[in-house]
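I have placed the structure first, in the form of structure tokens, so that the comments after it can refer back to it.
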Amino acid sequence: MSRDSDLYVFSADSLPADPRFLPPLANGLLGWRVYDGVMHMGGVYNGEGGRCHRADVPCPLAVEVKLEEPVQQEYALDARSGVFTHTLTTPSGTVSQTLYSHRCYPNLMVMEVLMVRHVTSEEPFTVEMVSSFAPQSKDIQFQFGPDYKGGRYIHGSTKSAEVPGGPCPAVHLIWMPVPSSLTLPPGQSQGRWGFLVAAADCSETAEGAFDKGLSQMAAGNLRPSHNKAWAELWLQSSVEVLGSERLSRALIGCMFYLLSALPSIHHTSGSFGGISPGGLSNGGDGQDYWGHVFWDQDIWMYPGIALFYPELARALLKYRVGTIEGAKYNAQKQGHKGLKFPWESAVSGREVCPDDVYGQQEIHINGDVALAFQNYLYLTQDLSVFREAGGAQLVYGVADYWVSRVKWNPEDQKYHLLGVMPPDEFYRNVNNSVYTNVVAKFRLGSSHRFSL
């Protein structure tokens, strides 16, 4: 059920029974499903090879607000501002809990609580804060550090690297403790509370984000800066369909999910871990493809982003360039030259698909990755991605792989791609898959256009 007055607001009077359908809140670095005790950080995986998955990071904002007296409830996700609000209304007063992953300061997550009396009373107005947070993880070996400016602090590294001998990502978490209840004293008409979580890969960044959150909260600018960042995004891509509210809402919802998984348009120079089919809010062990990046990013998600946000499209390309060494390793392991991008990718670019057959045979991923680069050039005419940012190395490496992978048949005097898996994964060991052959031909036929 949704509010009729605003296409961007999706609301209901109860939460879905299946927790997988809880609204996601993400900002390209931090993502979670509301009320879940687990969140994820972009690029933070635990497990080697096929066991690699997004590491579970405990979420201090896994808090539900409850009142003893009968209430009318509304749960609302505002896609325009990336804010989730739970509102409880009673004859005594109203309580609003607001949650968001800060769009302007990506290392921050925020919870705000507003309590408003409806009638004058000499009795306290109290709301329970029921938390499912526990400062521990099955994927990260945490230890407590000294409190920081009133915030609790834990830090640790994942238990297993993605590749043998590789680094284990670090997580540093600072949060404002949430009490078991909040009370509006007698005679006070309203009260506001704010709670911050700062997460980063080092203590300095976590402390800096926490400091920024404290100062922005004190100045009353924490939510306005978040709203402003989302408004700026929607100015570039807002699409509404006249005559079909349902289709408009579907488009808005789809774009919201995509944008939530992407970094700020003003901070695309940093590290970005790509887009998984389940977004940043999902992808734990055994869930939603383990948070891996597929061809979905390059074929299905990329066009909608590239048309409206060339700077974000470039961030997606930069992610693939950052995995070139892994792609080179994959090709060599298969006995071929050039670059072989993994069917399922995490940080290193090495294959992390749990089932070997997909990495071995679903090689159309190479053509999918290269096609994204080609589309970027056609859309923007920006050659700097190829000249300065590794794009030329990538497209030539993909071409080298195709040349190495094809087999010459002297009988028909043609090259063939044998033993592949097409996009229809019900078929294996296919010879000359139409889709695979076409994307390979595109790459081989157009590589000369990237001569610099």
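The values are calculated or read from the model by the stated rules, or taken from the named source; none is laboratory data. Just so you know, these numbers come straight off a predicted model, no measurement behind them. In this analysis, Cβ positions are derived from the backbone assuming ideal geometry, glycine residues included, and neighbour counts consider all displayed protein chains.
List of remarks:
- Taking the criterion of being aliphatic (A, V, I, L, M) and buried (at least 22 other Cβ atoms within 10 Å of the Cβ), the residues of segment 283-313 that qualify are VAL293, MET301, ILE305, LEU312, ALA313.
- Considering residues of segment 142-155 that are surrounded by fewer than 19 Cβ atoms within 10 Å (Cβ to Cβ) and more than 23 Å from LEU222 (Cα to Cα) only, the residue nearest to the chain's Cα centre (by Cα): PHE142
- Residues in segment 129-150 include none that are touching a Phe, Trp or Tyr at 6+ places or on another chain (Cβ under 8 Å), modelled with pLDDT under 95 and not polar (S, T, N, Q).
- Of the residues contained in segment 80-88, one or more are found to be surrounded by fewer than 19 Cβ atoms within 10 Å (Cβ to Cβ) and out of contact with any strand residue (DSSP E or B) (no Cβ under 6 Å at 6 or more places or on another chain).
- Filtered residue count, segment 191-213, keeping only those that are under 14 Å from TYR100 (Cβ atoms) and either modelled with pLDDT under 95 or in contact with a Lys or Arg (Cβ under 8 Å, 6 or more places away or on another chain) (or both): 0
A quick yes/no check of all residues on (1) farther than 30 Å from ALA161 by Cα; (2) aliphatic (A, V, I, L, M):
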residue	(1), (2)
SER11	yes, no
LEU29	no, yes
ARG33	no, no
MET41	no, yes
CYS52	no, no
CYS59	no, no
GLU68	yes, no
GLN72	yes, no
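- Looking only at residues of segment 53-79 that are in a loop (DSSP other than H, G, I, E, B), of a type outside the set (A, V, I, L, M) and more than 17 Å from the chain's Cα centre (by Cα), we find that the one that is surrounded by the most Cβ atoms within 10 Å (Cβ to Cβ) is PRO60.
- Taking (1) surrounded by 19 or more Cβ atoms within 10 Å (Cβ to Cβ); (2) in contact with a Leu (Cβ under 8 Å, 6 or more places away or on another chain); (3) part of a helix (DSSP H, G or I) in turn, LEU280 satisfies each apart from (3).
- Selection within segment 157-189 - part of a strand (DSSP E or B) and not aromatic (Phe, Trp, Tyr): SER157, THR158, ALA170, VAL171, HIS172, LEU173, ILE174, SER181, LEU182, THR183, LEU184
- Test: residue in segment 18-27 that is among the hydrophobic types (A, V, I, L, M, F, W, C), in contact (Cβ under 8 Å) with a residue 60 or more places away in the chain and assigned to a strand (DSSP E or B): yes
- Among the conditions (1) surrounded by fewer than 18 Cβ atoms within 10 Å (Cβ to Cβ); (2) touching a residue at least 60 places away in the same chain (Cβ under 8 Å), SER180 misses just one, which is (2).
- Entry remark, segment 226-259: residues being in contact (Cβ under 8 Å) with a residue 24 or more places away in the chain and among the aliphatic types (A, V, I, L, M) number 7 in total.
- Looking only at segment 14-35, residues that are of a type in the set (D, E, K, R) and at pLDDT below 95 come to 2 in all.
- Yes/no for GLN332 being surrounded by fewer than 19 Cβ atoms within 10 Å (Cβ to Cβ) and either modelled with pLDDT under 95 or more than 20 Å from VAL44 (Cβ to Cβ) (or both): yes
- ALA327 being surrounded by 24 or more Cβ atoms within 10 Å (Cβ to Cβ) and touching a Lys or Arg at 6+ places or on another chain (Cβ under 9 Å): yes
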